[in-house]
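Report on the structure given below.
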C-alpha cells in the first residue's frame, strides 16, 4: 500500500506475543485494504497506540509481563484510547474467560484457532460501528458548538436587554422626578390665573377641566415613577392587611363609588401575599378600570372566591367594546388600545396595578365575553389563611 492509502485505510493494531500469529493477521488484514501492524508485548502496544491511535485493536489474553485483560484495562483508563474497540483473540474458550473479556471493555471475542473469514467479518463489523460512532461524535460536537454559540448569543442579548431595561427605568425615573418641579410651577400658576378671573360659567368649566388635567398629570408622574421602581422595590417585611382591611381602605379612597362585595364568611380573614399599600393601590385601580368599562360608573360589585388556596376577585363589566385581539397587550406601557379606550383617563394606573399584582405572584386580567360583556379578574396568593366560623360574616 502507498503511504496515502495507508493514511486513509482503517488502522488495526495486533497484540500477540506469538510472532507467527501476529504476522499472519497483519498479512491477512493488509491484503483486505487495512493498515495493520503487529507488536509482541503489552508495553509496545501501549506506546504504539499512544503515538498513533488505531481504529481497532486485536488483543491476545495470555502474554508475559502484562496480560490482555490488564492491557485492556489500561487502554480504557486512558482518555485518548478508551473509545478504541478491542476484540480479544485467545485459545481460552471457557465462558468465564469471555465474561472477563467483556467486563474489561472488550467488544468481541474470537477463539483460537480462528477462521480468517470470521476474523475479517468481525473486524469489518466493528470498524463500521466505530466509524458510525465517530460520525455521531462529530455531529454531537458540532451540535454542542452550535448550542454554545447560540447560548452565548442569547446570553449577550439578555444582558443587552437588561442594560436597555435598566437604562429605560433610570431615564423614566429621572424624567418623572424632573417633571415634578416644572409641573408644580405650571399647575400653581394656572390656579393663580383662574383665581384672578371673575366668577362666571366659563370660569367654572375651565376650573373643572384644569383640576381634572392637573390630577391626571400628577397621577401620571406618580405612576411613571412607580413603574420604574417596581423591579427594584424593597418590599417591607410587614404582613399585608387582611382582605377586609384592604377593601375598607379602598372604599375610603373612592367615596363616590358604591362598592359592594359578595364573599364567603372566611374571606374576611384572607391575608394576601404582598405589600398592603401597593395592593390597596392595585385594587383601587381595578375598581376604576372596571367602572370605566361599565355603563354604571358609580358602582362596582366584587365577587370573591377561593380556588384551592388562591383568592379570585372578579368584577363584571358591560361596556367593553374592545375585541379579544385588542385586549392583547392592554397592560403594556405603550399600548395604543388602552390610551384610545374609555380607560384613557386612568393613564398608567392599570399598568401599575398589573405590575404590582404580578410582582407578588398573582394575575391581573381583562377578559372579553360576548357582546360588550366581560370581566376584570385579579388573583391573589395567600400569605396565610386564618380559619374562621361561618358566623363571622363581614359587612360591606
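The values are calculated or read from the model by the stated rules, or taken from the named source; none is laboratory data. What you are looking at is a predicted structure, and each value in this text was computed from that prediction instead of being measured. A quick note on method: Cβ atoms are made from the backbone with ideal geometry, for glycine too, and the neighbour counts reach across all protein chains shown.
Being surrounded by fewer than 15 Cβ atoms within 10 Å (Cβ to Cβ) and either modelled with pLDDT of 90 or more or not in a strand (DSSP E or B) (or both) is the filter here, so list the residues in the range 298-331 that pass it. Before the answer, list the steps.
So the first thing to find is which residues in the range 298-331 are surrounded by fewer than 15 Cβ atoms within 10 Å (Cβ to Cβ), and the list is 298-299, 305, 307-309, 318, 321, 323-325, 328-329.
If the condition is that a residue be surrounded by fewer than 15 Cβ atoms within 10 Å (Cβ to Cβ) and either modelled with pLDDT of 90 or more or not in a strand (DSSP E or B) (or both), then 298, 299, 308, 309, 318, 321, 323, 324, 325, 328, 329 are the ones that fit.
Criterion first (buried (at least 22 other Cβ atoms within 10 Å of the Cβ), closer than 25 Å to residue 348 by Cβ, modelled with pLDDT of 85 or more and touching a helix residue (DSSP H, G or I) at 6+ places or on another chain (Cβ under 8 Å)) does residue 292 satisfy it?
Taking the combined requirement at face value, the residue does not satisfy it.
Can residue 346 be described as in contact with a helix residue (DSSP H, G or I) (Cβ under 9 Å, 6 or more places away or on another chain) and under 17 Å from residue 375 (Cβ atoms)?
Criteria not met by residue 346.
Take the residues in the range 344-363 that are touching a strand residue (DSSP E or B) at 6+ places or on another chain (Cβ under 9 Å) and in a loop (DSSP other than H, G, I, E, B), then tell me which one is nearest to residue 293 (Cα to Cα).
362
Regarding residue 283, is this residue modelled with pLDDT of 90 or more and either crowded, with 18+ Cβ neighbours inside 10 Å or in a loop (DSSP other than H, G, I, E, B) (or both)?
yes
Can you pull out the residues in the range 16-52 that are in a helix (DSSP H, G or I), under 18 Å from residue 126 (Cβ atoms) and without any contact (Cβ under 8 Å) to a residue 40 or more places away in the chain?
26, 30, 45, 49
Please go through (1) without any contact (Cβ under 8 Å) to a residue 12 or more places away in the chain; (2) assigned to a helix (DSSP H, G or I) for residue 79 and return the number of the only condition it doesn't satisfy.
If we test residue 79 against (1) without any contact (Cβ under 8 Å) to a residue 12 or more places away in the chain; (2) assigned to a helix (DSSP H, G or I), just (2) comes out false.
Being assigned to a loop (DSSP other than H, G, I, E, B) and either at pLDDT 90 or above or within 16 Å of residue 293 (Cα to Cα) (or both) is the filter here; which residues of the range 370-395 pass it?
370, 371, 372, 373
Determine whether the range 223-239 contains at least one residue that is surrounded by 16 or more Cβ atoms within 10 Å (Cβ to Cβ), within 25 Å of residue 348 (Cβ to Cβ) and at pLDDT 70 or above.
Looking for residues that are surrounded by 16 or more Cβ atoms within 10 Å (Cβ to Cβ), within 25 Å of residue 348 (Cβ to Cβ) and at pLDDT 70 or above, one finds none in the range 223-239, hence no.
Output the residue which, of all residues in the range 248-274 that are at pLDDT below 85 and crowded, with 21+ Cβ neighbours inside 10 Å, is nearest to residue 314 (Cα to Cα).
263
Listed here are the residues, each with its yes/no results for (1) under 29 Å from residue 135 (Cβ atoms); (2) not in a strand (DSSP E or B).
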residue: 14; (1), (2): yes, no
residue: 54; (1), (2): yes, yes
residue: 93; (1), (2): no, yes
residue: 121; (1), (2): yes, yes
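When you scan the range 332-355, do you find a residue that is in contact (Cβ under 8 Å) with a residue 60 or more places away in the chain, under 29 Å from the mean Cα position of the chain (by Cα), farther than 24 Å from residue 298 by Cα and buried (at least 18 other Cβ atoms within 10 Å of the Cβ), even just one?
Yes: the range 332-355 contains one or more residues that are in contact (Cβ under 8 Å) with a residue 60 or more places away in the chain, under 29 Å from the mean Cα position of the chain (by Cα), farther than 24 Å from residue 298 by Cα and buried (at least 18 other Cβ atoms within 10 Å of the Cβ).
Within 24 Å of residue 116 (Cα to Cα) and loosely packed, with under 14 Cβ neighbours inside 10 Å: is that true of residue 31 in this structure? Write out each step before concluding.
Numbers: within 24 Å of residue 116 (Cα to Cα): yes; loosely packed, with under 14 Cβ neighbours inside 10 Å: yes.
The answer is yes for residue 31.
Which of the residues spanning the range 113-123 are touching a residue at least 40 places away in the same chain (Cβ under 8 Å) and either in the same structural domain as residue 86 (by TED's automatic domain parsing) or out of contact with any strand residue (DSSP E or B) (no Cβ under 8 Å at 6 or more places or on another chain) (or both)?
116, 120
Can you find even one residue in the range 143-153 that is over 23 Å from the mean Cα position of the chain (by Cα), part of a helix (DSSP H, G or I), over 14 Å from residue 56 (Cβ atoms) and free of Cβ contacts under 8 Å to residues at least 24 places away in the same chain?
Scanning the range 143-153 turns up no residue that is over 23 Å from the mean Cα position of the chain (by Cα), part of a helix (DSSP H, G or I), over 14 Å from residue 56 (Cβ atoms) and free of Cβ contacts under 8 Å to residues at least 24 places away in the same chain.
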